[in-house]
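Scroll down for the structure; my scribbles are underneath it.
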Amino acid sequence: MVKPVGGECNLRCAYCYYLPKTRLYPHSHFRMDEALLEEFTRQYIAAQRVPEVNFAWQGGEPLLMGSAFYERAVALQRRFRPTGVRITNALQTNGTLLDADWCRFFRQHDFLIGLSLDGPREVHDAYRRDRAGRPTFNRVMEGLAALHEHGVAFNILTTVHAANAHYPLEVYRFLRDEAGARFIQFIPIVERNAAHGCPTTGVSERSVSGAQYGRFLSAIFDEWVRRDVGQVFVQTFDIALAAWMGERPGLCVASPTCGTAMVLEHNGDLYACDHFVEPRYRLGNIAQTPLVELVGCPQQRAFGEAKRATLPQMCRSCPVLFACQGGCPKDRLLQTPQGEPGLNYLCEGYRAFFSHVDAAMRMMAAELRAGQPASNVILRLAEEEVAQQERWARAERNEPCPCGSGRKFKHCHGRTRGSEHADAAL
């Protein structure tokens, strides 16, 4: 990820972890110069051995660089592009600076735009405010309207936090129906408290708990899997399905090792990870050491392998390890019940969610292996639910409940049916 303005931003989102990184460069003007842009573009393309090279622009707020910077970036990409190689660009923005001119440029050059939007007005504005403390929802929605108007490809990045975690379906339906999103990322906010600038194992009141995160994802999954598979793509569900298929997840959080999501700061400094932009994780500067050497250096390899090597025993024996892989190392803040460090703060949510989706994931994986679309799961689940309703209709009060709970029908789903019959009689 390239951060041409570092942590500089026109907003002051309460949970932003990157804005404080500006303190690493106290005398900087936080603008990548043209010489460095050219050097990075040349080195980055030359280091690739794949048919498609993607440039990912982030911040801070990367639109603060102005459109001339990205026009120059595209020109340099064309200049250094080998024959037969495709160049793509993705840019993450808070959306408040988007206008018709930006959107025409993005459409012309086929940029994929990531838009940060935390849901309906009340939950979005809870933490996403500007420097003056003013809400930003209206401005973001105006930017979204411009993306739609000009046909710019976009996805929505929604952080899950204390203000929206209790409203999963309201958030999802807003993103799907009002924002028109077809590609959605949910990113949990786990915000460490700090004591004298040093992280502690406590988290802020803005953070989502593990249990909340699991319930949030599960509630959305239950709606998505019954009506939106193949129409709306939720990154967490996609990488989960990859795990059930035995394929690489394509996202570092769900990979056994990490170290491939490095960050290039505005001055050419390269860091091990977006969440570890700290002096001890600085790999070097691409103006002094070639990018390909920094990427492959022993320090970075050790950083990536540490994710797997430091897993506590409780995780190694967990039935959903294949799907969560211990989560992001930045969130490994807890101890296991046995007192071993390294348990992910979101572990409870991961276990609950991946256990909850197991049956549906198996269905979708079976469809894909048979050469059929995963969306067939919608019909399969509907058929199962009809059959279940029929079994309930035939069940006697003192028989075991057909749902398999082990309880008598009258104490399980029969209790619900009994109340329904009583309401109907009234």
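Over all pairs of different C-alpha atoms in the range 276-426, the reciprocal of the mean inverse distance, the Kirkwood hydrodynamic radius, equals 20.6 Å. With respect to the chain, whose longest principal axis is taken over its alpha-carbon atoms, helix 235-245 is tilted by about 70°.
Among 156-165, 226-235, the peptide with the highest mean count of other Cβ atoms within 10 Å heads the list, and the full ranking is 156-165, 226-235.
By the Cα gyration tensor, the chain has an equivalent ellipsoid whose semi-axes, rounded to whole angstrom, run 42, 25, 22 from largest to smallest. Between the amide H of GLU8 and those of GLU61, distances stay under 5 Å, these residues lying 5 or more places away or on another chain, with hydrogens modeled in the peptide plane. In whole percent, how big is the carbon plus sulfur part of the accessible area of the range 48-127, probe 1.4 Å, protein atoms only? Within the range 48-127, the accessible surface is 47 percent carbon and sulfur. Placing dummy labels 7 Å off each Cα toward the beta-carbon, the span from ASN193 to GLU71 is 5.1 nm. The residue list MET245, THR159, PHE233 was ranked by how far each Cα lies along the charge dipole of the range 153-270 toward its positive end, using unit charges on Cβ atoms, and MET245 comes out on top. Heavy atoms of the protein chains alone define the surface here; on that basis the range 56-134 has 44 Å² accessible area per residue at 1.4 Å probe size. Each Lys or Arg adds one and each Asp or Glu takes one away; over the other residues whose Cβ falls under 14 Å from the Cβ of GLY404, this sums to +1.
With both residues required to sit in the chain, DSSP beta bridges show an antiparallel share near 35%. For helix 67-80, report the angle its Cα long axis makes with the longest principal axis of the Cα atoms of the chain; keep it between 0 and 90° and round to the nearest 10°. Around 80 degrees separate the two axes.
For the range 379-419, the fraction of 1.4 Å probe accessible surface lying on carbon and sulfur atoms is 49 percent.
I'd like to compare 76-85, 355-364: which one has the highest average count of other Cβ atoms within 10 Å, and what's the full order after that?
Those peptides, ordered most packed to least, come out 355-364, 76-85.
Between the Cα long axis of helix 210-227 and the first principal axis of the chain there is an angle of about 70°, rounded to the nearest 10. Residue-normalised convex hull volume from the C-alpha trace of the range 81-198: 155 Å³ per residue.
Taking only protein heavy atoms and a 1.4 Å probe, the accessible area of the range 210-345 is 54% carbon and sulfur. In the context of the full set of protein chains, residues of the range 192-350 present 46 Å² of accessible surface per residue (probe radius 1.4 Å, heavy atoms only).
On a straight-distance basis, which aspartates and glutamates could pair with LYS21 in a cross-link, Cα separation under 14 angstrom, same-chain partners fewer than 8 positions away excluded? Within reach: GLU8, GLU61, GLU265, ASP269, ASP274, GLU278.
The values are calculated or read from the model by the stated rules, or taken from the named source; none is laboratory data. Source: prediction; values computed, not measured. Ideal geometry is used to build each Cβ from the backbone, glycine not excepted, and the neighbour counts take in all protein chains shown. Side chains are part of the model used for accessible areas, which takes the heavy atoms of the whole protein and leaves out ligands, DNA and RNA. Shrake-Rupley method; radii C 1.70, N 1.55, O 1.52, S 1.80 Å.
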